[in-house]
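The values are calculated or read from the model by the stated rules, or taken from the named source; none is laboratory data. Note that this is a predicted model, so its numbers are computed, not measured. Here Cβ is always computed from backbone atoms with ideal geometry, including for glycine, and neighbour counts include all displayed protein chains. When the accessible area is computed, the model is the full protein with side chains, heavy atoms only, and any ligands, DNA or RNA have been set aside. Shrake-Rupley method; radii C 1.70, N 1.55, O 1.52, S 1.80 Å.
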Amino acid sequence: MLTIDRYIIRKFLGTFFFTALLFTIIAITINFSEHIEKFVDKPVTKKEILFDYYLNFIPYINGLLWPIFSLIAVIFFTSRMARNTEVVALLNAGMSYSRFLRPYLITSFFLAGLYLVGNHFFFPKGNKTMMTFENKYVFPNNYKVKSSNIHLFIGPESKVYISNYLTNDSSGTGFRLEQYHDLQLTFLLQAKSFEYLRDVKKWRLHDYEIRKWQDGREAYISGKGQELDTAIALYPSDFVYYTNDKEMMTSAELLRFIQYEQERGIGFSRIMKSEYHRRWAEPFTIVILTVIGASIASRKQRGGMGLNLALGVWIGAMFVFLSKFALTFSTNLHMNPMLAMWLPNLVFGSLAAYLTTKAQK
């Protein structure tokens with residue numbers, strides 16, 4: 001590693017973490033000003049605000065913006081190098097452009113590695129504490145309920161249908177349990193209403209009917225006006241979920257949850273799959289945006305640093321815009337989640353390759 005490599009790496013890391021610090025201070029200031037009234041009104045201690053919320057808010061907000069930080073940092077210090085004719089001196093001394101990019105790539109892969117570990121483990125751990133605080137004090141209604149026309153698989157050949165469900169007392173109307181064998185209906189349990197008994201973890205069915213089919217014969221049991229307690233693999237938590245659940249799970253927990261949802265046929269696994277593939281794709285975005293930033297800023301031009309920074313912010317905005325579109329395509333338009341999450345990298349990777357060929361040699 002040459003002196004110039006160490007120089008560029010030091011500039012890259014210094015500018016990157018300074019940018020992260022600056023944006024973090026701004027984000028905390030804005031967040032605190034928005035939520036201060038809720039902090040005052042709710043029975044929350046200063047310790048919870050500082051250590052449970054804001055201490056974990058810092059990695060959360062940085063986890064969202066690390067690729068953008070790398071782009072801004074590279075454009076900022078490389079533009080200064082170009083303005084001081086340092087880049088031209090390196091290229092005139094016989095250094096190839098690919099060799100010039102080497103310290104950029106080394107640093108970007110180092111940051112991508114940190115981001116990868118953070119995405120899969122550390123960020124979700126902090127998010128769990130922070131978002132639990134948010135769901136309790138800041139956004140108490142930040143959850144969704146499956147309340148009508150619910151279809152759930154509780155086994156490979158067992159399905160439950162519920163017409164209406166009430167979360168306040170875990171009761172509802174229109175219960176139907178179906179069991180199949182070789183795609184043939186063999187057991188049917190219906191009830192007009194039901195409730196969950198938390199003490200014994202069973203469901204109590206009211207006004208029920210049971211039908212069984214075996215060897216071409218039907219058996220019928222009427223429980224009209226009676227109650228039946230039954231234990232099935234169905235819980236009140238299956239009907240309620242927080243919109244930020246996926247951000248509070250490590251990747252191992254996320255994979256287990258995806259498998260759980262698929263087995264029950266709940267239908268939210270596409271969102272979870274998108275989140276899982278996003279955690280793999282975004283670290284490589286740091287490398288791509290680093291190459292884009294270096295290719296743009298290494299050319300000395302009249303607009304100077306201001307023009308380069310404006311262009312960098314525009315590219316960053318386009319990346320965020322495309323990422324949101326990709327997430328929408330994945331969750332609502334049935335696009336493959338892996339392809340959707342890697343689509344921004346494919347587009348901007350092509351842009352990086354093009355800008356590298358057109359960069360000042």
Under 6 Å between Cβ atoms, which residue pairs at least 6 apart in sequence (or on different chains) link something in region 1-22 that is closer than 13 Å to Phe110 by Cβ with a partner that is part of a helix (DSSP H, G or I) and among the aromatic types (Phe, Trp, Tyr)? Phe16/Phe69
Among Tyr97, Tyr7, Tyr60, which is among the hydroxyl-bearing types (Ser, Thr, Tyr), open to solvent by less than 70 Å² (accessible area, probe 1.4 Å) and within 30 Å of Lys136 (Cβ to Cβ)? Tyr60
Which residues, taken from region 161-175, are under 17 Å from Asp199 (Cα atoms) and not in a loop (DSSP other than H, G, I, E, B)? Ser171
Within region 312-346, residues being open to solvent by 70 Å² or more (accessible area, probe 1.4 Å), of a type in the set (A, V, I, L, M) and either within 24 Å of Ser98 (Cβ to Cβ) or free of Cβ contacts under 8 Å to residues at least 24 places away in the same chain (or both) number 4
Which is surrounded by 14 or more Cβ atoms within 10 Å (Cβ to Cβ), more than 17 Å from Leu234 (Cα to Cα) and not aromatic (Phe, Trp, Tyr), of Thr167, Thr186? Thr186
Give me the pairs, please: first residue somewhere in region 218-243 and within 12 Å of Tyr196 (Cα to Cα), second residue anywhere and small (Gly, Ala, Ser) and outside any strand (DSSP E or B), beta-carbon distance under 6 Å, and either six or more positions apart or on two chains. Pro236/Ser170
Test Leu309 against the stated conditions and say whether it is within 23 Å of Thr15 (Cβ to Cβ) and either open to solvent by less than 70 Å² (accessible area, probe 1.4 Å) or touching an Asp or Glu at 6+ places or on another chain (Cβ under 8 Å) (or both). yes
Residue count, region 25-53, condition within 16 Å of Thr132 (Cβ to Cβ) and either touching a residue at least 24 places away in the same chain (Cβ under 8 Å) or in a helix (DSSP H, G or I) (or both), comes to 12
Which one is most open to solvent (accessible area, probe 1.4 Å) among residues in region 234-257 that are small (Gly, Ala, Ser) and at pLDDT 85 or above? Ala252
Working carefully through the options Ile9, Ile106, find the one that is touching an Asp or Glu at 6+ places or on another chain (Cβ under 9 Å), in a helix (DSSP H, G or I), at pLDDT 95 or above and aliphatic (A, V, I, L, M). Ile106
For Thr78, all conditions in the list (1) open to solvent by 10 Å² or more (accessible area, probe 1.4 Å); (2) modelled with pLDDT of 90 or more hold save one; what is the number of the exception? (1)
Among the residues in region 264-284, are any within 30 Å of Glu86 (Cα to Cα), open to solvent by less than 60 Å² (accessible area, probe 1.4 Å) and modelled with pLDDT of 90 or more? yes
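Here are some residues: Gly155, Gly172, Gly118. Which one is modelled with pLDDT of 90 or more and over 30 Å from Pro67 (Cβ atoms)?
Among Gly155, Gly172, Gly118, only Gly172 is modelled with pLDDT of 90 or more and over 30 Å from Pro67 (Cβ atoms).
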